[in-house]
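The values are calculated or read from the model by the stated rules, or taken from the named source; none is laboratory data. Everything numeric in this text was worked out from a predicted model, so none of it was measured. Cβ atoms come from the backbone with ideal geometry, glycine included; neighbour counts cover every protein chain shown. Just so you know, the surface numbers come from the protein's heavy atoms only, side chains and all, with ligands and any DNA or RNA stripped out. Shrake-Rupley method; radii C 1.70, N 1.55, O 1.52, S 1.80 Å.
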Amino acid sequence: NIVKMDFSTSERALSSLLRRQPSITHPEILSVTKHLLENYHRQNGTSAATTTTPTPTPPPRDPEKENDGDDYESSVISLLALGQSDRWEALAVGLHLSVEHLTPSLLPGDKTLYPEGPRVPSLTEEKNVEENRRRPTTSSSPPAAADPPSISSSSSSFFTTNLLPILLSNLEHPEPRVRTLVAKTINAHSLSSSTSTTWKEERIPLYNAITTSLFNHLESGRGGTTTAAVDDTTGWRALETSLNSLAAFFAGCHYHFSSPDDAPSCEQLAHTLLPPPNGPSELVSLVRAVEQCCVDHVNRHVRAAGLNVMGRIISCPPLPAAYVHSLPVLRDALTRILEVGLADNWSQVRMAASLLCRTVMVACGDGEGR
């Protein structure tokens, strides 16, 4: 019997790795996994015997309850390294633990990535967006985008020195579950800090790797794989998860406009949306590539993922209304994307297009732009 991997909680992920069939025989993977599982039970005051039945998601990991936070981080890194050279399951569990390691520092309501499909947005978040949009501003007090909280210095070092190279080398991993967890880890990192120089430097190679993968996949099409395509959903390799990773990356973008009524500028938008040294030409190429995924691609999962990227560009955090309806690079792409997406044959694509349409309407406000 094949024991499926369970990534609903850290405990279940570690336990399913130990029960995995065919069995994992690598002694170091087994040793590190057992150590991490014991650490989990010790921190949460549970035991292996009491967690055999389904339980609610446990509270976030509390480093103060651990004997040594560095030991936990080194154990996760060891599991990731072993997974790269042996079994993908160990790599996937390490990525899942990495997401949860970065996540406790985030505030409720942060934009979590849902690569499994679009989610109905929160009405509470929309109310907060509207209140911020209507709040009067002056030139001396520009509207400040809400920066996400910073992660601890140990977590930042953990990601910089060890996790980043693992993410870069597994963006196109042959196992889709690993690629999905890579995107989720990028999302956690994007939301984790906004002020440190190290965080900004880390985003440059992440963006370059994600966009290189995206453009290469669009250029090669199905020709880049030896696997026969049996339907419209196979043969596209890592294109969908590259789009998910791009959406995850944009979760960390922070716009700083001197006034919500700034004259639209492609150069200013590129400066605030993309890491240096990218400029307007890169922004135009990127928007057109995403538009191609949303409108022309035969794979419905790719179309839905592209729609999610466009939503992230507009809503993380919300663009001033002038940029949505007056900037040609966005206006023209959104018009075509929504026209085609809302009439798509597949309900998941129509759902994603409907959420994008809602995001655009909220961003345009109540003025002539709508």
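For the range 142-185: of the residues being at pLDDT 90 or above and in a loop (DSSP other than H, G, I, E, B), which is surrounded by the most Cβ atoms within 10 Å (Cβ to Cβ)? Per the stated criteria, the residue is ASN170.
Scan the range 237-259 and tell me whether some residue there is surrounded by fewer than 22 Cβ atoms within 10 Å (Cβ to Cβ), at pLDDT 80 or above and polar (S, T, N, Q). No, because not a single residue in the range 237-259 is surrounded by fewer than 22 Cβ atoms within 10 Å (Cβ to Cβ), at pLDDT 80 or above and polar (S, T, N, Q). State the number of residues belonging to the range 284-299 that are open to solvent by 20 Å² or more (accessible area, probe 1.4 Å) and either over 17 Å from ALA270 (Cβ atoms) or in contact with a His (Cβ under 9 Å, 6 or more places away or on another chain) (or both). Here the count works out to 5. Here the range 300-311 is the region considered, the condition is being of a type outside the set (A, V, I, L, M, F, W, C) and more than 15 Å from SER347 (Cβ to Cβ), and the residue that is most open to solvent (accessible area, probe 1.4 Å) is ASN308.
Of all residues in the range 311-322, at least one satisfies being aliphatic (A, V, I, L, M) and more than 26 Å from THR212 (Cβ to Cβ).
All told, SER213 meets the bar of being at pLDDT 90 or above, among the small types (Gly, Ala, Ser) and within 30 Å of VAL298 (Cβ to Cβ). Taking first residues from the range 328-350 that are under 15 Å from ASN299 (Cβ atoms) and partners that are β-branched (Val, Ile, Thr) and surrounded by 15 or more Cβ atoms within 10 Å (Cβ to Cβ), the Cβ contacts under 7 Å between residues at least 6 apart in sequence or on separate chains come to VAL340/VAL295; GLY341/VAL349. If you go through the range 293-314 and pick out every residue that is of a type outside the set (Gly, Ala, Ser) and either under 17 Å from GLU219 (Cβ atoms) or touching a Lys or Arg at 6+ places or on another chain (Cβ under 9 Å) (or both), you end up with 9. For the range 278-290, the set of residues classified as within 15 Å of PHE250 (Cβ to Cβ) and either in a helix (DSSP H, G or I) or at pLDDT 95 or above (or both) consists of GLU282, LEU283, LEU286, VAL287, ALA289, VAL290, listed by residue number.
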